[in-house]
Structure formats: structure tokens, C-alpha cells
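These notes concern the structure reproduced below.
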Amino acid sequence: MSRIFPTLTLLILLIIGSAAAYEYHMPVNVQPSTNPSVLMPGDQAILAIELQNGAAAYGAGGAAGIAQNANDALLSTPINRTSLKGTDEIQVASSDYRDLGMIGPNDKVNVYYKIKASDNITTGTYLIDFDVLGGYDIMPISRVIPISIDSAAVDIARADVSTKSVIDLNVANPRKDTINAVTIIPSAKGLRFSPD
């Protein structure tokens, strides 16, 4: 009997130790997207970053990623802080997030940042740094987020003959992404336009 008790105690400590070791290294998946998806020089955009606890995808936390007992509950992880660092070309206009709470297996939380492309930025893909501090030991997770820039201008042309008092315009988009709206500001010497 005296031998069983120390052996049982050792097994329990090993089980608790392995669960604790696993909870400190939670897999947090980072999935970014921007709206608009491709920026023009001077554009502002919303960068949405989805953080997901991927524990269930790695075979932990039950088949569906739902905590079924106390051991599965350990697979939840806190998100302590997020940080997005801008560059000379891509400025970040939003504050970082702190104390986002716990996310369980397969759960997601989104953070949103307002970003702005500089007026003289050129076509290309620019990289900005994103960091997440999470887990019980505040392990850093670092990702590089690509931001696509297309400096091609929208083309505009008159679509009718000049005898009409109404002007119809054609707008052509040579860019990689969809344009949702176009602002047209008319001007002519000696004329006043209404609406502006």
C-alpha cells in the first residue's frame, strides 16, 4: 500500500504537469484582412485581424474543440495584448488592445486597426509587424502582415457628345481591386455647380 501511494502521486503530478506545459504554448492562429483589400496612395483602410485558438485543430480539446472536462478547460488561453507597428509608408491610427480575455478551443476574437497609406507610396506589397502576447506565461507571437498598394489612377472620360446640357461620364478601373465609389469635383471658370 505504501508503494502505491507515491506511484499514484507521481502519476497525478505528471498528468498535471503535462497539461500545464501544454496550456503555456497555445496555438493562436492569426488571419488578417483589409478593407479595401488594395489601397491607393493616401487611402485609409480597416485592418481586421482574427485571432483563433487552434488547440482543437491540433487534436486537443475534444473532437469539436469544446471543453468537456477540467483538462479540456485548460486549453483556453488569455490574450493579454496586441501590438501593430506602422512604418513610414503605412501609418497605424488606432491604439493597441489590452486584456482581450480568454478564448477557448476554436474560439475567435477580432481586433480592428485603422491604417493609412502615405500620399507618395508606390505600387507594391508592404509589410507591417503584428505581435500578440498570450498564454499564461505571456508568450509572444509575431506575424508580418502584408498590405497591398496599387498607385494606378482611375480613368474618367466623357461618354456623350458636347451638345447636351447633361454630362455623362465613364469611369474605368485599371486596378486590381473593386472600386466602390468615385468622388467627382467639377470646376470651370465662371461657372458654379450645384450640388458641389
Which lysines does Lys176 reach when only Cα atoms under 25 Å apart count, and residues fewer than 8 places away in its own chain are ignored? Lys114, Lys116
Please say if region 95-146 is rounded, prolate or oblate, where rounded means a/c under 1.5 for a ≥ b ≥ c the square roots of the C-alpha gyration tensor eigenvalues, and otherwise the choice is prolate for a/b larger than b/c and oblate otherwise? prolate
Tell me the net charge near Ile128. Cut-off is 14 Å between Cβ atoms, Ile128 excluded, with +1 for each Lys or Arg and -1 for each Asp or Glu. -1
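Rule-based calculations on the coordinates, nothing more; no lab input. Since the structure is predicted, the reported quantities are computational estimates derived from the model, not experimental observations. Neighbour counts run over all protein chains shown; Cβ positions are idealised from the backbone, glycine included.
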